[in-house]
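What follows is a single structure, written as structure tokens, with notes after it.
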Amino acid sequence: MSIGIFQGCTSCKKHCCLFKRVISSMYLYISGKECEQIEAEVGKTNNITILSDGRIVIKWNDEGNCPFVSRQGCTLGELRPLPCKFYPYGIMLKNNFYYLIRWTNICESFTDSNDQEEYDSLYELIYPGLEKRAFPYSENDEGNFEIVQEVPKMYLRK
């Protein structure tokens, strides 16, 4: 990814895959296309499922980590789902508003540029469909993230 805010990620490549240590959710939301690409590469897996609301997710393994992480890092390579590529940012739904948030409790090599053009580049990566990638706010996550800004309305479906 060529977005400047992710330059520190090239040396780490691992912490973002240990999401259970980051958020209280037991899932990583992915798109139908991402599901198809992953299953084409690794075959059908019980680690990918469809929730009752129709969203597709990767479920954490028994250790609470992404099932596609090995000691060497992500086994999916360039097939990593967008939320993994998007890290340390996320989209959170809180009180019927969507927020761009930054996880603050793991990533050590990251420095935020506070550049609106780069934030817009992030939104464009997941537009349309941003709403399906948002995870619900949980009090259990307090202290692990900071709100960067409310997602501009132009990136939300009308």
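Just so you know, all these numbers are worked out from the coordinates, no wet-lab data involved. Small disclaimer: the values here were computed from a predicted structure and weren't measured. Neighbour counts are summed over all protein chains in view; Cβ atoms, including those assigned to glycine, are modelled from backbone coordinates with ideal geometry.
One decimal place: the segment residue 146-residue 70 gains 24.5 nm when fully extended, by the rule 0.36 nm per residue minus the C-alpha distance. Taking a sphere under 12 Å around the Cβ of residue 125 and counting the other residues whose Cβ falls inside, with K and R at +1 and D and E at -1, yields a net charge of -1. Between residue 61 and residue 121, the contour length at 0.36 nm per residue exceeds the alpha carbon distance by 18.5 nm.
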